[in-house]
1. If you roll a 1.4 angstrom probe over the protein chains with everything in place, what fraction of the accessible area of the chain belongs to carbon and sulfur, to the nearest %?
2. Using only helices, what value at 222 nm comes out for the chain when you add -39,500 (n - 2.57) per DSSP H run of length 4 or more and divide by the total residues, to the nearest 500 deg cm²/dmol?
3. From the Cα gyration tensor of the chain, with a ≥ b ≥ c the square roots of its eigenvalues, which class applies: rounded if a/c is under 1.5, or else prolate if a/b is larger than b/c, or else oblate?
4. Would you mind checking 28/57; 45/131; 19/112; 30/57; 50/125; 19/45 for any pair whose Cα atoms are more than 26 angstrom apart?
5. For residue 123, what accessible surface area do you get with a 1.4 Å probe? Give it in Å², rounded to 10.
6. Not counting ligands, DNA or RNA, and with a 1.4 Å probe, what is residue 38's accessible surface area in Å² rounded to the nearest 10?
7. Over the stretch 11-146, with the other protein chains present, what is the accessible area per residue in square angstrom, probe 1.4 angstrom?
8. Which whole-number percent is the relative contact order of the stretch 1-129 (Cα, under 8 Å, 6+ apart)?
Amino acid sequence: MKVKRSANNPYHGFQDTLKDTIEEFDGKYKEIVKYCPSLFALLCKILNDKATDWNTKLMIDAALAYFVLPDDIIPDNEEAGYVDDLFIVCHVLKDIKDNVSSELIEANWEGKGNIIQLIDELYEKSNHIVKDQTSAILRRVGLQKY
């Protein structure tokens, strides 16, 4: 499949594909993975924000890369598919919130509701589901050292 990319967001085509895929997803954890497309978009916006430092950009690149890996830790066609993707996105966003700036997240959020609270809730839920696999997920893209 050829993915259309834009200058401002090279992940734009993937983002559309992800949104379509998640809308069709009917797994046990549909209620939390439905946030994947909007959180993916949030990471893309933060990545392109001029206020974002290089270390934050590297973490975001790692999380975005995990989404596009064909062989992530929990295959997307399994019951918990996309929960590992949600976990890594929330892990990075939580790190940005805790160590960089919650304002950077809030300024780039286009969704409804309190994004900081949503990140914390989704992080806890996804972390609980993937529990024993968190290290493997983070190691896959270099966010945890061996």
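The values are calculated or read from the model by the stated rules, or taken from the named source; none is laboratory data. Only a predicted model underlies this, so the values are computations on that prediction, with no experimental measurement involved. Just so you know, the surface numbers come from the protein's heavy atoms only, side chains and all, with ligands and any DNA or RNA stripped out. Shrake-Rupley method; radii C 1.70, N 1.55, O 1.52, S 1.80 Å.
1. Accessible surface attributable to carbon and sulfur in the chain totals 48 percent.
2. -19500 deg cm²/dmol
3. rounded
4. 28/57; 45/131; 30/57; 50/125
5. 40
6. Surface open to solvent at residue 38 totals about 50 Å².
7. In whole numbers, the stretch 11-146 has 53 Å² accessible per residue.
8. 23
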